[in-house]
Structure formats: structure tokens, C-alpha cells
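Scroll down for the structure; my scribbles are underneath it.
A short reminder: the numbers here are calculations on the coordinates, not readings from a lab. Since the structure is predicted, the reported quantities are computational estimates derived from the model, not experimental observations. Backbone-built Cβ (ideal geometry, glycine too); neighbour counts: all protein chains shown.
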């Protein structure tokens, strides 16, 4: 691996970790970088297995902090996974797959489509996981519809958050890559 590739790998991993930390700091409901970090890993991590591992570990570590520090008073002991985590991780995995499929070449229209797609995937999967946990909604068709209906107000925030953080992460990566190429041309001269 050459020096530029190492720098890019370090940059992507650092950005994914920073993106995961957006979940820990105060934010409007569902305005986090979950979709963006999944798409960034899918687009720029060198081996597709790493596109899953790095973002999933970052997501899980942020979950550990949220569940065991921020919301520790709501749990009885250390929490490795919450009951609704199935839907969140399912949705996240599908977002990474979407990114692997769509972001072979990163272009603005495809990136916007992937961002919107990730919002809807997360909405569908996370609400399904909430319904499956069986605490709030009955496990019936009507219960599932009620769960999706209750989640609709959060969908707009998810869309806005994904578009914002996709713009920030992919924009920062493009800027870094551009500066890196400019610097390498100066050093080659």
C-alpha cells in the first residue's frame, strides 16, 4: 500500500469514527451520520469486508456509549445490544450494501440517490426492529402499520441528516483528495 493509499484509509476510518460520534452529542431526533458513514465506508474502504467491519464497529461503539453512559439509568446493568438493535443493524447493513452497489464511482446525483435510499432503508428497518421487539406495538399487521405511521415524523429528520452528513463527509473526502493530488504534483516537479 503506497503512502497516499494509507493516508486515504486513515482519513476514511477517522471520518467514520467522527461520524459515529455524532450520535453521542446532542442532536435533533434522527439527525445523525449513520447513513453517511455506511455509504462512506462502502465507497472508499479498500476491501468490501472492511466496508462492513469499520462502520459496524464504529456504530456499535457509539451504541455502547449511548446505552451505558448517556441512558445508563434506563438499563439494569451493562448493555451490549438493545432490543431494537436488530432493526438498526439490519438497516445499516443494507445501507452499506446499497453503497457498495451504487457508489462504485462517486458522483453527486448517485450520492444523492444513495443518501435518500439510505434514509428510507433505515426508516423501514429500524421501525421493523422496533415492532419486532414487541414492547410498544402488537405483533400484528395493524401493529406494524401503527409503528411505521408513528415513525413518519422522524423520516424527514433522517433524510435531512443523511443529506447533510453525506455532503459533509464526501465533500471533506473530495477536498482532502484534491489537496493531496495538488501537493503530490508540487512534490513531483
Exercise for review: Mind checking the full-extension length gain between residue 24 and residue 64? Use 0.36 nm per residue of separation minus the Cα-Cα distance, one decimal, nm.
Suggested key: 13.4 nm
**Study point:** Distance histogram in 10 Å bins (all Cα pairs of the chain, percent per bin)
**Key:** 9, 34, 33, 16, 5, 2, 0
Review point. How far is helix 48-65 tilted off the main Cα axis of the chain, in degrees rounded to 10, range 0 to 90?
Key: 50
Point to revise | Residues residue 168 and residue 145, FRET efficiency given R0 of 35 Å [Cβ-Cβ distance, rounded to 0.05] | key: 0.50
Study note, to complete from the structure: Mean Cβ-within-10 Å packing, highest first, puts peptides 136-144, 31-39 in the order 31-39, 136-144
Exercise for review: For the chain, find the longest principal axis of its Cα atoms and tell me its angle to the long axis of helix 108-133, 0 to 90°, nearest 10.
Suggested key: 30
Study note, to complete from the structure: Contact order relative to length for segment 1-143, counting C-alpha pairs under 8 Å separated by 6 or more residues, stands in percent at 23
**Study point:** P(r), alpha carbons of segment 113-168 - 5 Å bins starting at zero, rounded %
**Key:** 4, 21, 26, 19, 13, 10, 5, 1
Check your understanding: Helix 85-102 versus the longest principal axis of the chain: what angle, 0 to 90°, nearest 10, using Cα atoms?
Key -> 30
Review point. Want the number for residue 178 to residue 53: 0.36 nm per residue separation, take away the alpha-carbon distance, what's left?
Key: 42.3 nm
Check your understanding: What full-extension length gain, to one decimal in nm, is calculated for residue 108 and residue 6 as 0.36 nm per residue of separation minus the Cα-Cα distance?
Key -> 34.2 nm
